[in-house]
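What follows is calculated from the coordinates using simple rules that are stated; it is not laboratory data. Remember, it's a predicted structure, so these values are computed and weren't measured experimentally. So basically every Cβ, Gly included, is an ideal-geometry build from the backbone, and we count neighbours across all protein chains shown.
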Amino acid sequence: MLRMPLNSRGTSDYLQVKAFLHAKGKLVVVVDEDAIARLTQGMSFQAQTIDHQEERRALSPSILHARGRVMKRENDKLKPRIGFIGMGHMGSHMAQRLLDAGYQVTVYDRTHEKAQRVGQWGAQVAQTPKDLAVGGQVVLACVTDDQAQHDVMFDPDGALAGVQGGSVIIDLSTVSPDASRRLFQAAKEKNVSMIDAAVSGSVPQVEQGGLVIFVGGEHTTYEQCKPLLDVLGKNSFYMGASAMGTTMKLAVNKLLGLGMQALAEALALGEKAGLEKELLLDVLGQTTVLTPGQKSKLENVKREEYPTNFALSLMQAYLARS
């Protein structure tokens, strides 16, 4: 952590500077233009800057937090402006990763308080999906189901009413293949590219950038969006035409749901038959028949704590759909 005087009139006020080392090995120091000129004198690393005058006026001489709206230049081109719809468990953490990676992000959620929370991390908050889409070069959505996707995209104040020709829609939601195809066609009619990019993983994987992403749509759009997808996931796979990403996700969710049910049945059988619970769990964890995902749940069973990472109602809907 580096500290330096905020002005030349005295040393009582300090600017606290936080440095981020990103995956590509670039050291990014977030301060205002004047401070960075003094800070980097004689140093060998390359720093990128952002004007924090607005924050300085708001916070006066108090400490400025480095995390927030970071606009970083890469190859002399600004990163695209991002609009992100859906600030639930998954979407909010995805938005956080994009902010930390230096993207300018505007967010929307039908529950305004959820969007406001992400706004405290540095995102702008839009009042409607339409407003969000007007200013976004890339619009991402991560919502619960087909109806939610329809509402935020097709309503009069939906994203399709504001999206500009030449922009891109990335739908990260787990929806039906039919819903993905409808959105693809509607976007195409507005000269907007669209990919379905369903994700495999839960909140811990989002936080670690470890999602696996299944993409359907035009391959050129996938290639265009890959730098964004790489921020969110460790691997992305192009599955084919529109809706092939969501189709792959349905297959994955079928395995996930049945696997969790099978694990629960096996534990119930063992305990009812008289096996000691701790021993049952320890031995199961040493076998090769459990997937890594199933093994990760054994500690929850030991503690008898079951944090919500995925809504049961959604899994029931996905199993019924597949």
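Within segment 103-140, whose backbone N sits under 12 Å from a point 7 Å along Cα→Cβ of ASP155?
Zone members listed by number: 109-112, 127-131.
Less than 15 Å Cβ to Cβ from PHE154, Lys/Arg counted +1 and Asp/Glu -1: what total charge do the surrounding residues give?
Summing Lys and Arg as +1 and Asp and Glu as -1 gives -2.
What distance in nm separates the simple spin-label points at THR220 and ARG181, each placed 7 Å from Cα in the Cβ direction?
Distance between label points: 2.3 nm.
Grab the other residues whose beta carbon is less than 11 angstrom from that of LYS302, score K and R as +1, D and E as -1, and report the net.
-2
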